[in-house]
1. Just one of (1) part of a loop (DSSP other than H, G, I, E, B); (2) of a type outside the set (D, E, K, R); (3) crowded, with 21+ Cβ neighbours inside 10 Å trips up V188, so point out which.
2. Would you check which residues across the stretch 91-108 are under 25 Å from W155 (Cβ atoms) and part of a helix (DSSP H, G or I) and list them?
3. How many of the residues making up the stretch 40-69 are surrounded by 22 or more Cβ atoms within 10 Å (Cβ to Cβ) and not in a helix (DSSP H, G or I)?
4. Being under 30 Å from F41 (Cα atoms), in a helix (DSSP H, G or I) and in the same structural domain as A29 (by TED's automatic domain parsing) is true for just one of G125, G172. Which residue is that?
5. Are any of the residues in the stretch 247-262 surrounded by fewer than 14 Cβ atoms within 10 Å (Cβ to Cβ) and touching a residue at least 12 places away in the same chain (Cβ under 8 Å)?
Amino acid sequence: MSQRIAFDRVDWVNTVFLFFISAVAVIGAPIYLWHFDMGWFMGSLFAFYIIATGLSITLGYHRLFSHLSFKAKWPVRLATLVFGACAFENSALSWVSDHRRHHKHTDHDDDPYDISKGFLWAHMGWILFKVSPVPPLDNVADLRKDRLVMWQDRWDKLLAVGVGILLPTVLGFVTGGWIGALGGLLVVGALRVFLVQQCTFFINSLCHTVGRQPYSTKCSARDSTMMAFLTFGEGYHNFHHEFQHDYRNGVKGWSFDPTKWSIWVLERCGLASNLRRVPASRILLAEMAEARRKADVQLAGLEASETVCERAREAIHEIMEQLTKNYHDLERAMSEKVEMSKKVMSDWQRETRELMARLSHVQPQAA
């Protein structure tokens, strides 16, 4: 009985598609590349689709629509919706609903890709099996007001097949005949979809399993520099879970985050605005708090004198409390300074108006 129920839970549409596209990508595409030269055009088309599709997921689906990390003009929103559909990762509306639920319920039952259910579940299992009851799309009311998002939600499958598969196949045929068409289908189509999808899936699985946690251990999210290089900067997942509304994932100067750079360029071009940034002081405080927690754990495990450990722990706590107090004092001083500046400006404006009023009543003397 349990086997039949498990069998009934399989989402056959997703399962058949994912295994088919994976088989074509790992078997068909290598055979094609072994026998035929990709050429500069096919190579350029493959690179373009990898970048366009990958950035549409990271910049569009993730940071723009899921976390509202910045605002974008309609050409950016349209482009990310079209090429985001080409990743075959569902419509933006559904993707965002799942992702917001993931952040709200990380590592718990209501997390769609809960890592506590296993690496494979977080990676792909949650896509292959139906969830009963199906979670409602009750957390995307803001996106329902976006006509472009709703348009893409209606036509995402057609966009995925038409722009993501048929268009590179046609372009391959135009430039290289049937051999070129086969390359467009296998390499730019199937192989590209497989790579982009697997990189996205690894954020849900690997970045909740392996890596550093410099900002928080409240959930399983971890930073992985390797995954950052494979996902246009999405690998700094521990930072992202602690400061999810920041448009940056790689916040350090040396962090590899092409999505962050792309958003910055869009802002300079007038296509993006209202970039949300966490103050550097808050980031530093989070790092310091986590460092203190880890120091406490290490001190507790030392086989040294209990008195020495206790003194060291107290010293660390005192330093942290003083630094935190200094931070809040600085914030308060800055706030008071702003209020004082506003008062001085208001007084200056009032005195200027009074002076101008007096001058306007002064009559010029006759010569």
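The values are calculated or read from the model by the stated rules, or taken from the named source; none is laboratory data. Only a predicted model underlies this, so the values are computations on that prediction, with no experimental measurement involved. Glycine gets a Cβ as well: all are built from the backbone with ideal geometry, and neighbour counts include every protein chain shown.
1. For V188, the failing item is (1).
2. Selection gives A92, L93, S94, W95, V96, S97, D98, H99, R100, R101.
3. 1
4. One residue alone meets the criteria, G172.
5. Among the residues of the stretch 247-262, not one is surrounded by fewer than 14 Cβ atoms within 10 Å (Cβ to Cβ) and touching a residue at least 12 places away in the same chain (Cβ under 8 Å), which makes the answer no.
Rundown of residues vs (1) more than 30 Å from G177 (Cα to Cα); (2) modelled with pLDDT under 95; (3) not charged (D, E, K, R); (4) not assigned by TED's automatic domain parsing to the domain that holds V170, yes/no style:
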residue: N14; (1), (2), (3), (4): yes, yes, yes, no
residue: A25; (1), (2), (3), (4): no, no, yes, no
residue: W40; (1), (2), (3), (4): no, yes, yes, no
residue: S69; (1), (2), (3), (4): yes, no, yes, no
